[in-house]
Amino acid sequence: MSSESTGAVPTASPVPAESSRSAANPATASALDARRPRRAIGLGFFLSELAALFRRKRTWAMLAALAAVPILIAVAIRVTDGGDGRGPAFLDRITQNGLFVAMTALVVAIPLFLPLTVGVVAGDSIAGEANAGTLRYLLVSPVGRIRLLVVKFAAAAVFCLAATVTVSLAGILIGVALFPVGPVTLLSGDQVSVGESLLRSLLIAAYVTVGLLGLSAIGLFISTLTDAPVGAMAATVVISIVAQVLGQLSQTEWLHPWLFSYHWLDFADLLRQPVDWSSFGSNALLQLAYVAVFGALAYGRFTTKDVLS
Amino acid sequence: MTDAAEAGTAVRPGDRVTDAAGADAAGAEPAILTRGLTKRFGRSTVVNGVDLTVPRGSVFGFLGPNGSGKTTTIRMLLGLAGATAGDIRVLGHEMPARAATVLPGVGALIEGPGFYPYLSGAANLRRLDAADGFAPHATRAARVDRALERVGLGHAAGKKMRAYSLGMKQRLGIANALLAPRELIVLDEPTNGLDPQGTREVRSLIRSLASEGTTVFVSSHLLSEIEQMCDHVAVMRAGRLVAQGSLDELRSAGQARVRLEVVTADAAAAEAVLARLTAGAPRIESVPGIESAPGSTGGEWMLGAALPDGLPPETIVSELVAAGVRVRGFAVERASLEELFVELTGEGFDVVQ
Ligand SMILES: Nc1ncnc2c1ncn2[C@@H]1O[C@H](COP(=O)(O)OP(=O)(O)OP(=O)(O)O)[C@@H](O)[C@H]1O
Ligand SMILES: [Mg+2]
């Protein structure tokens, strides 16, 4: 199957050209061309994909588990009265200001919990459809293979955002409930208002979301390789762990800047006054590179694949 | 004209609009045309040089035993799997190169239904319709309802898929094929898992689709089913197309073959005579109810063989009598389609590789 066969580029499929030809010469228009003017960009399908994703109990179970992270942290600190100051970044600040619960929870969730849930969603994207037997029906509907990949990736990105926002929001709410809240002292020493600090929390959620896009693309690619969704999920999660382990080893120092997890915890720059955007930029660039490479691999694999599920 | 075809379009599936790509004066190119279609998985050739011609407007039966390559062929027709060799044209366009043009006009059920268990029947159909970038959004709900009504699932539209029975899932799969106005509907074993009532409904559904002018391509391993609803047939055996044509053509091909049957107690002697005269091993069956073994004189046996051209049946009777066979019954029959099918596809239970 040639890549053209999928005709799936959302905007420029061979069909519009065809229908303009047939409009010029109605006598030679086939019934197909006359009936279907042009393929929709895919917004409707994207919304339906989101609806399917968020109508699954599994999705909500994962979001609930993520929300439990800040809640557990806050409750534990509240009960033990602050502890001895050891533990993840920002932990010691929580007792003074509840708004730090969200940031602490993100630091805790980034290495394992977030990649786990993202791996489940991205790894399931194509393999899950193959496993359910729906992939063949999507393809003959016809969804267009490239269009399907794009929509699946976009849905995974929306899930990344939902996941990080869930952690942040749950952290803010439980922080407000259990600890005093007031103006936040930034890492640069400046104080910002509660409103501004909430804005910064959103910014950090955006940063973490962007950081997960590379992993989503990897998961999408792996998902095109198999009809077994569990395998694709597990492989994606394992890759995220391997990347972080490599990121810890001094022997692989040369590799570190190329790992998609390299900037995962660098959002402290967003807690300075004025905001230092350099880490946001380099994180985005790195993730973009991963999305490009693994998007291309997924395209190459999926558009030529025999769908036998 | 009813149902799905009305929803939102002026051109109905049956309307013959001449296609630019090589249509003749009488109308369009065949709905499906393959030449030398071949598929290999590793070293096994699963579909081997298949030349299918499915005329427009026909109800085409695609017959073959398990593992003969029906589903694999359908997957290639629909662009799901790439052909190892050969050309495919569907609705006058090359596949899979023109999939985006062809597939909106094709409805399909491929190797059983596939749905999301956590969505309702109607939500499943809406999702697949949303995936079709060419289906109008405005008429979606109406088309989904109509397709569900048409397969008798109107009352179960809101039920979660995991609560559907096997036959209900199968019906939903057929409803999916009917979501939009189609020129060609491909149904891979549509009556799998259906109760007799459902089977009858599917048959009448196919007939009503055909009367609207839609070409229907049905695969099955049951001749009786194909015989009841199709006007054209192709027979697959181990990846090869062994017969193709209108049902009448095939029937008369069967009629040309004459079979004879001998009922006797002297099975061994009769077998020897028949083997000599018809140049082939006769088929031997014990007549039900009488237990015996070939060669003994107690039981009664039925021997079947094909009558060679130019050999008068009475010659066989006199030869049998001369060999001392006590002939209790002798019959000459023209082969039924069933026998032709068995002859074409082989009789053994083992799946032919
Ligand atoms: N992915 C695959 N890899 C290798 N061989 C395959 C694959 N899929 C199918 N086959 C082989 O291809 C042959 C034809 O399979 P196919 O599913 O087309 O048969 P079928 O005619 O649809 O049979 P049935 O009536 O059982 O549905 C079988 O021998 C099967 O083993
Ligand atoms: Mg099959």
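Where a number appears in this text, it was derived from the coordinates with a stated rule and is not lab data. These numbers were taken from a predicted model, which means no experiment stands behind them. Neighbour counts run over all protein chains shown; Cβ positions are idealised from the backbone, glycine included.
The fraction of Cα-Cα pairs per 20 angstrom bin, counted from 0 for the protein assembly as shown, comes to 16, 37, 26, 15, 5, 1 percent, rounded to whole percents.
Given a Förster distance of 45 Å, report the FRET efficiency between B:ALA272 and B:SER246 from their Cβ-Cβ distance, rounded to the nearest 0.05. Rounded to the nearest 0.05, the efficiency is 0.65. Largest GNM mean-square fluctuation among B:ASP132, B:ASP248, B:ASP266, using chain B with Cα springs under 10 Å: B:ASP266. Across peptide B:66-76, the mean count of Cβ atoms from other chains lying within 10 Å of each residue's own Cβ comes to 1.
If packing is taken as the mean number of other Cβ atoms within 10 Å per residue, what is the order of B:122-128, A:122-128, highest first?
On the way: B:122-128: 23.1, A:122-128: 27.9.
Put in order of decreasing packing, that is A:122-128, B:122-128.
Protection proxy ranking for B:109-117, B:304-312, using the average of other Cβ atoms within 10 Å per residue and placing the highest first: B:109-117, B:304-312. Sorted on the mean count of surrounding Cβ atoms within 10 Å across their residues, most packed first, peptides A:138-149, A:235-246, A:46-57, B:74-85 read A:138-149, B:74-85, A:235-246, A:46-57. If you count, for every residue in A:130-137, the Cβ atoms of partner chains within 10 Å of its Cβ, what is the mean? So the per-residue partner count for this stretch is 6.
As a proxy for reagent exposure, ranking A:SER168, B:SER246 by other Cβ atoms within 10 Å from fewest up yields B:SER246, A:SER168. Backbone amide hydrogens, once placed in the peptide plane, bring B:PHE134 within less than 5 Å of A:ALA40, excluding anything fewer than 5 places away on its chain. Across q = 0.08, 0.10, 0.15 Å⁻¹, segment A:38-302 modelled as identical point scatterers on its alpha-carbon atoms has Debye log10 I(q)/I(0) values of -0.35, -0.53, -1.08, in the order of the q list.
Need one word for segment A:137-265: rounded, prolate or oblate. Basis is the Cα gyration tensor (sqrt eigenvalues a ≥ b ≥ c); a/c below 1.5 gives rounded, then a/b vs b/c decides. Intermediate results must be reported in sequence, preceding the final value.
Working: a/c = 2.73, a/b = 1.56, b/c = 1.75.
Oblate, since a/c reaches 1.5 and b/c is not below a/b.
Would you mind counting up the charge near B:MET302? Only other residues with Cβ under 9 Å from its Cβ, with Lys and Arg at +1 and Asp and Glu at -1. Please report the intermediate quantities before stating the final value.
Working: positive: B:ARG283; negative: B:GLU261, B:GLU285, B:GLU300.
Charge balance in the 9 Å sphere: -2.
Taking each DSSP H run with n ≥ 4 as -39500 (n - 2.57) and averaging over every residue of chain B yields -9000 deg cm²/dmol at 222 nm.
Would you please name the chymotrypsin sites (Phe, Trp or Tyr not before Pro) within segment A:263-309 that are DSSP coil residues with at most 16 other C-beta atoms within 10 Å of their C-beta? Please report the intermediate quantities before stating the final value.
Details: sites: A:TRP264, A:PHE267, A:TRP277, A:PHE280, A:TYR290, A:PHE294, A:TYR299, A:PHE302; in loops: A:TRP264, A:TRP277.
Here the chymotrypsin sites (Phe, Trp or Tyr not before Pro) that fit, given the DSSP loop and packing criteria, are A:TRP277.
Global dimensions of chain B from alpha-carbon coordinates: Rg and Dmax equal 24.7, 81 Å.
Each 10 Å bin from 0 upward holds the following percent of the Cα-Cα pairs of segment B:152-236: 16, 50, 29, 5.
Take each residue in A:301-307, count the other chain C-beta atoms within 10 Å of its C-beta, and the mean is 3. Beta bridges from DSSP with both residues in the protein assembly as shown: antiparallel share about 70 percent, rounded to the nearest 5.
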